[in-house]
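Asker: My questions will all concern the structure given below.
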4 protein chains.
Amino acid sequence: MQDDHTARLLVRCPDRPGLVAAVSGFLFRAGANIVESQQHSSDPVGGTFFLRTAFHLPGIGADRDAFERGFAHEVAEPHGMTWRLRCPEDRTRMALLASREGHCLLDLLWRRRTGELDADVVAVVSNHRDLEGEVDVLGVPYHHIPVPRDGKADAERQLLELLRAHRADLVVLARYMQILSGAFLEALDRPVINIHHSFLPAFAGAQPYARAHDRGVKIIGATAHYVTEELDAGPIIEQDVARVDHTHAIGDLERVGRDVERVVLARAVLRHLDDRVIVDGSRTVVF
Amino acid sequence: MQDDHTARLLVRCPDRPGLVAAVSGFLFRAGANIVESQQHSSDPVGGTFFLRTAFHLPGIGADRDAFERGFAHEVAEPHGMTWRLRCPEDRTRMALLASREGHCLLDLLWRRRTGELDADVVAVVSNHRDLEGEVDVLGVPYHHIPVPRDGKADAERQLLELLRAHRADLVVLARYMQILSGAFLEALDRPVINIHHSFLPAFAGAQPYARAHDRGVKIIGATAHYVTEELDAGPIIEQDVARVDHTHAIGDLERVGRDVERVVLARAVLRHLDDRVIVDGSRTVVF
Amino acid sequence: MQDDHTARLLVRCPDRPGLVAAVSGFLFRAGANIVESQQHSSDPVGGTFFLRTAFHLPGIGADRDAFERGFAHEVAEPHGMTWRLRCPEDRTRMALLASREGHCLLDLLWRRRTGELDADVVAVVSNHRDLEGEVDVLGVPYHHIPVPRDGKADAERQLLELLRAHRADLVVLARYMQILSGAFLEALDRPVINIHHSFLPAFAGAQPYARAHDRGVKIIGATAHYVTEELDAGPIIEQDVARVDHTHAIGDLERVGRDVERVVLARAVLRHLDDRVIVDGSRTVVF
Amino acid sequence: MQDDHTARLLVRCPDRPGLVAAVSGFLFRAGANIVESQQHSSDPVGGTFFLRTAFHLPGIGADRDAFERGFAHEVAEPHGMTWRLRCPEDRTRMALLASREGHCLLDLLWRRRTGELDADVVAVVSNHRDLEGEVDVLGVPYHHIPVPRDGKADAERQLLELLRAHRADLVVLARYMQILSGAFLEALDRPVINIHHSFLPAFAGAQPYARAHDRGVKIIGATAHYVTEELDAGPIIEQDVARVDHTHAIGDLERVGRDVERVVLARAVLRHLDDRVIVDGSRTVVF
């Protein structure tokens, strides 16, 4: 599962015979050794083909342009592929957004520090000041962009500017309790991962733990998904659950839920950084 | 957890000091040895008190009337308790309803045969003939009550008559794909347990696996609940889940789901038969 | 995950560049469409390469010999591959062995009847008569081979004869409580899957639930593994667990455990029949 | 499950009729309102009775002596009870020991800061300096007691002195990789909770992840237990697991395992602080 120093190729195209042969033949001729490879076809007939290949190819960094031109010309164009290559030196620049609750944010920062998350945290942004002290102590820059009731558009403008200035190529909503507008998401044009504190599609929207308590569920959960304009409806990356019972008050559900939330978000971010997640309409392929 | 040959007392009343002392004092004076006892208060202030006590009291069967009169007079009436006593000889008479899919029905029948479910199966009823052979072979009477599109009321009349004739005091919907009317439920006046093939409240209603597939969830589940007039909204008794991924077609979700459904339903029925489930509004207390 | 009407190719060889290209190139030239493909390398350097490919190739049944000769000559021999091809018409002939407890045996027979397990059950064998009635009713031949204390060698001879006569190519120990000798396993020369009622390597050997109770574990489990001469030490195919607590007596652990055992065994058999399991020394690759 | 401002009474004695009546009668006469109560009997005949009762009794702090004398005289002595009372103001003084890996230690410190763990951390002790910076930043005193190969007895003497000086009444081994001697444990005479990075009794001792990898298990786990003289054999408080497969190298098992370890340890410490854990020989009752 670990593939330091490997390059990764992600491919997506209409399914048809010969795709694996074409890609693996190209890689073989280029001198690459395939370390790991997964493929998926969304439908046996007329489906979409998805491929993730991790391979060793010493010197690909130096020769990247040639490799990319060759692949485009010989493989991707003839088969109508959408594709992207990640070389070992391409590090993701990640911005973390949170509001008042720090468990997801601090967990990601800790995983960054220990090297478990192989990415740079270029900024932490919050609409509150509650977590400033905890983040400062870790030496990570903390930006406070308040979102007043009548100042949402302005706040989104500031946020967009900041994310662009830091060239963030992944935004993680680590319990950021503001809804991002469709216009903002379109302008940002970068993947945004959110952690929702319920087992979606149950309890989309506000106050999921209170509603789970009312409904008397015996299991609660958390869901990490890509953010789309429709609230809590984006493609799901990862979910997990925890068992609860009638003795759990809402506060207990929140406590138990925090442990699920941070693990689910971390797994989703880890898989995204590993280039294991490909969006397929309203669903994801997670290799 | 096993309490053969024990009597069980279930109590529910407004919470206030002295309830445990009152009940346990009465049992001690009656010569009973408490084997297991659970209590729950729905709210520290102004809540409802729930108690389940299992106790050894040799000869309670013979002396039941005196015990019940004494408990009513000395304990239940002064504290405004709703209560019921189950003696070791009180066996539940269970009716099982199914449609075309046999996994839940056959599982319950198998658990009955091995003695795991301590109850009598007085009838199996189905609106189809598909499972007749499988059930006949086990020596359990199979009743076919078809539910034609325009004959639902008539079918419910037949069903009600049959359940009354067999004096069923628990009805289990083991993948019975008909909605029971409020009028039927009221006339029946017995608990009805249903297994819904999703992790409620997600995917209430029809075709939950197809909708789970569309939504791209990473975990599917099943929910056993008491049936109320509102579809799939009754108090939840038990839930469980299974992990799935992008490789699972709808048929795979159904296959994986069957294993969750039958275990969740069996656990719910087992707990009900053990008098461990008390309804608390839209929720359950499961001791 | 379902691949009816697909052929499957399993490959194992020393890892080196070009293996995927060689296999997928051959399949492409043969006119096959790869539906699913997984590979694994046991070690980035000097490891073993494992591949499972499922593909559509209409008419492969008729032309099997040519396909196999071609693959052997063009791909397998040059790369030192161990391999096997399964065509859609190759049905596994499965023998089920049990002793007195029927939950695993009946579960597999039920899955066979519903078509979930795509194999033929050619014989049920037991050293006891307890389950004879349950099996007869299902129309499956039941063979009673008692294993007296001083007649183990003789019993194994009878068993071997019977399995050979029925041309069983998979033997499943569905709670068969006899240890099979190394000589028997060698003579049989067919895979044997066992379900052990603990979370191996904890509680290998006899009475695992009693020992789990003594040790006060909070989770119990079951393990399906290939049988080797060393007791409960063969390559693990699948494991799962269930949560228990201090209220569970040994009998409760057995009850809870039965549900885990039958699901774990069924999953292992299903994966084996799907050609998803490859043995790698003391471990398995499960695609 | 939360019971701030409640007192808790833990009782243990030979089982016999009248115990619940005796305790609840005393509490009622004292003016207490029972909020939560659990009992367990280790055996229906000749077993040990365990009880945990949480109750509201305003002013118990002021009148504690009278309450304790009364309970001892009227209830505990006549029934041969071992018991202890925790009043709301009795805060546990907790010492945390770690070696080089910080995930469990930092997790507990974070839970302490957020108020989830209701206890004081009086000292962090390590045999290494690796975590000093991380702990200092949080304002918690860090003590370095190295354990040279030939200086173990001396190190234990220093540790004992330090724990006594800080009046620690709970010691948590948050990945402390030194074995504490029987003499030390006896002299300390306080509960010590350890997290072991395997699903005990599998892989007791050193290098559990490497051994789990060798054995090819499909599920890994972690175990929190009270420390006794015999290594990794003390009474288990909590366990949990995570699913792994053939793609996980040892480093992946460690990564996945860290998330299980910190949650299992936190749950065990939380339950201990809530007075929910009673040792019963080699097992625990966890209410």
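The values are calculated or read from the model by the stated rules, or taken from the named source; none is laboratory data. A quick note: this is a predicted structure, and the numbers were derived from the prediction, not measured. Virtual Cβ from ideal backbone geometry, glycine too; neighbours counted across all protein chains shown. These accessible areas exclude ligands, DNA and RNA; they are computed on the full protein's heavy atoms, side chains included. Shrake-Rupley method; radii C 1.70, N 1.55, O 1.52, S 1.80 Å.
Asker: Only residues that are crowded, with 21+ Cβ neighbours inside 10 Å and hydroxyl-bearing (Ser, Thr, Tyr): list them for segment D:241-287, please.
Answerer: D:Thr284
Asker: Of all residues in segment B:250-271, how many are in contact (Cβ under 8 Å) with a residue 12 or more places away in the chain and either within 14 Å of chain A (Cβ to nearest Cβ) or among the β-branched types (Val, Ile, Thr) (or both)? I'd like the intermediate steps shown before the answer.
Answerer: Taking segment B:250-271 as the starting set, the residues that turn out to be in contact (Cβ under 8 Å) with a residue 12 or more places away in the chain are B:250, B:253-254, B:256-271.
Right, trim to either within 14 Å of chain A (Cβ to nearest Cβ) or among the β-branched types (Val, Ile, Thr) (or both) and you get B:250, B:253, B:256, B:260, B:263-265, B:267-269, B:271.
Total satisfying the criteria: 11.
Asker: Can you tell me which residue among A:Arg69, A:Arg52 is within 26 Å of the chain's Cα centre (by Cα) and at pLDDT 95 or above?
Answerer: After applying the criteria, what remains is A:Arg52.
Asker: Using the structure shown, decide if B:His56 is open to solvent by 10 Å² or more (accessible area, probe 1.4 Å), in contact with a Phe, Trp or Tyr (Cβ under 9 Å, 6 or more places away or on another chain), of a type outside the set (Val, Ile, Thr) and assigned by TED's automatic domain parsing to the domain that holds B:Arg69.
Answerer: No: the conditions fail for B:His56.
One line per residue, one yes/no per condition, for (1) of a type in the set (Asp, Glu); (2) more than 14 Å from every other protein chain (Cβ to nearest Cβ); (3) in contact with a Ser or Thr (Cβ under 9 Å, 6 or more places away or on another chain); (4) assigned to a helix (DSSP H, G or I):
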position: C:Cys104; (1), (2), (3), (4): no, no, no, yes
position: C:Leu109; (1), (2), (3), (4): no, no, no, yes
position: C:Asp120; (1), (2), (3), (4): yes, yes, yes, no
position: C:Val124; (1), (2), (3), (4): no, yes, no, no
position: C:Glu134; (1), (2), (3), (4): yes, no, no, yes
position: C:Gly139; (1), (2), (3), (4): no, no, no, no
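Asker: Same structure, new question: Considering only residues that are in contact with a His (Cβ under 6 Å, 6 or more places away or on another chain) and free of Cβ contacts under 8 Å to residues at least 40 places away in the same chain, which ones fall in segment D:202-222?
Answerer: Step one: of segment D:202-222, the residues in contact with a His (Cβ under 6 Å, 6 or more places away or on another chain) are D:208, D:222.
Scanning segment D:202-222 gives a single hit, D:Pro208.
Here is a yes/no grid of residues against (1) hydrophobic (A, V, I, L, M, F, W, C); (2) modelled with pLDDT under 95; (3) crowded, with 18+ Cβ neighbours inside 10 Å; (4) under 25 Å from D:Leu109 (Cβ atoms):
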residue: D:Gly133; (1), (2), (3), (4): no, yes, no, yes
residue: D:Leu138; (1), (2), (3), (4): yes, yes, no, yes
residue: D:Pro146; (1), (2), (3), (4): no, no, no, yes
residue: D:Leu160; (1), (2), (3), (4): yes, no, no, yes
residue: D:Arg167; (1), (2), (3), (4): no, no, no, yes
residue: D:Ala212; (1), (2), (3), (4): yes, no, yes, no
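Asker: Just name the residue that is farthest from the other protein chains (Cβ to nearest Cβ) out of those in segment D:27-65 that are among the β-branched types (Val, Ile, Thr) and either closer than 22 Å to B:Val23 by Cα or assigned to a strand (DSSP E or B) (or both).
Answerer: Within segment D:27-65, the first condition is being among the β-branched types (Val, Ile, Thr), and the residues that meet it are D:34-35, D:45, D:48, D:53, D:60.
Now restrict to residues that are either closer than 22 Å to B:Val23 by Cα or assigned to a strand (DSSP E or B) (or both): D:34-35, D:48, D:53.
On the way: D:Ile34: 5, D:Val35: 6, D:Thr48: 11, D:Thr53: 9 Å.
Checking each candidate, the answer is D:Thr48.
Asker: Of the conditions (1) out of contact with any strand residue (DSSP E or B) (no Cβ under 9 Å at 6 or more places or on another chain); (2) surrounded by 19 or more Cβ atoms within 10 Å (Cβ to Cβ); (3) of a type in the set (Asp, Glu), C:Glu36 satisfies every one except a single condition; which number is it?
Answerer: (1)
Asker: I've got another one for you. Looking only at segment D:195-213, which residues are facing another protein chain (nearest Cβ under 7 Å) and more than 29 Å from B:Val244 (Cβ to Cβ)?
Answerer: The answer is D:Pro201, and nothing else.
Asker: Moving on. When residues of segment B:148-158 are filtered for being open to solvent by 30 Å² or more (accessible area, probe 1.4 Å) and among the hydrophobic types (A, V, I, L, M, F, W, C), how many remain?
Answerer: The total comes to 1.
Asker: Evaluate the following for A:Arg190: is it touching an Asp or Glu at 6+ places or on another chain (Cβ under 7 Å), more than 11 Å from chain B (Cβ to nearest Cβ) and not in a helix (DSSP H, G or I)?
Answerer: Working: touching an Asp or Glu at 6+ places or on another chain (Cβ under 7 Å): yes; more than 11 Å from chain B (Cβ to nearest Cβ): yes; not in a helix (DSSP H, G or I): yes.
Yes: the conditions hold for A:Arg190.
Asker: Still on this structure, please answer the following. Among the residues of segment B:67-83, how many are assigned to a helix (DSSP H, G or I) and open to solvent by 50 Å² or more (accessible area, probe 1.4 Å)?
Answerer: Residues flagged as assigned to a helix (DSSP H, G or I) and open to solvent by 50 Å² or more (accessible area, probe 1.4 Å) within segment B:67-83 amount to 6.
Asker: Return the residue satisfying two criteria in turn: it lies in segment A:214-240 and is polar (S, T, N, Q) and touching a Gly at 6+ places or on another chain (Cβ under 8 Å), and of such residues it is surrounded by the most Cβ atoms within 10 Å (Cβ to Cβ). Don't jump to the end; show me each part of the working.
Answerer: Kept after step one, since they are polar (S, T, N, Q), are these residues of segment A:214-240: A:223, A:228, A:239.
Next, from what is left, pick out any that are touching a Gly at 6+ places or on another chain (Cβ under 8 Å): A:228, A:239.
On the way: A:Thr228: 17, A:Gln239: 24.
If we take residues in segment A:214-240 being polar (S, T, N, Q) and touching a Gly at 6+ places or on another chain (Cβ under 8 Å), then A:Gln239 is surrounded by the most Cβ atoms within 10 Å (Cβ to Cβ).
Asker: Are there any pairs, at least 6 apart or on different chains, whose C-beta atoms fall under 9 Å, with the first in segment B:233-249 and at the interface with chain A (Cβ under 7 Å from one of its Cβ atoms) and free of Cβ contacts under 8 Å to residues at least 12 places away in the same chain and the second hydrophobic (A, V, I, L, M, F, W, C) and open to solvent by 40 Å² or more (accessible area, probe 1.4 Å), and if so, which?
Answerer: Every condition considered, the pairs that remain are B:Thr247/C:Met1.
Asker: Which ones in segment B:214-248 are at pLDDT 95 or above, within 18 Å of the chain's Cα centre (by Cα) and acidic (Asp, Glu)?
Answerer: Within segment B:214-248, B:Glu238, B:Asp240 meet the criteria.
Asker: Related question: What number of residues within segment A:14-25 satisfy the criterion of being surrounded by fewer than 19 Cβ atoms within 10 Å (Cβ to Cβ) and modelled with pLDDT of 95 or more?
Answerer: Residues that pass the stated criteria total 1.
Asker: Just need a number here: residues in segment B:84-125 that are surrounded by fewer than 19 Cβ atoms within 10 Å (Cβ to Cβ), aliphatic (A, V, I, L, M) and within 20 Å of B:Ile193 (Cα to Cα).
Answerer: Of the residues in segment B:84-125, 0 are surrounded by fewer than 19 Cβ atoms within 10 Å (Cβ to Cβ), aliphatic (A, V, I, L, M) and within 20 Å of B:Ile193 (Cα to Cα).
Asker: Let me ask something additional. Answer with yes or no whether D:Val11 is out of contact with any Leu (no Cβ under 8 Å at 6 or more places or on another chain), among the hydrophobic types (A, V, I, L, M, F, W, C) and within 14 Å of chain B (Cβ to nearest Cβ).
Answerer: Here the answer is no, as D:Val11 does not meet what is asked.
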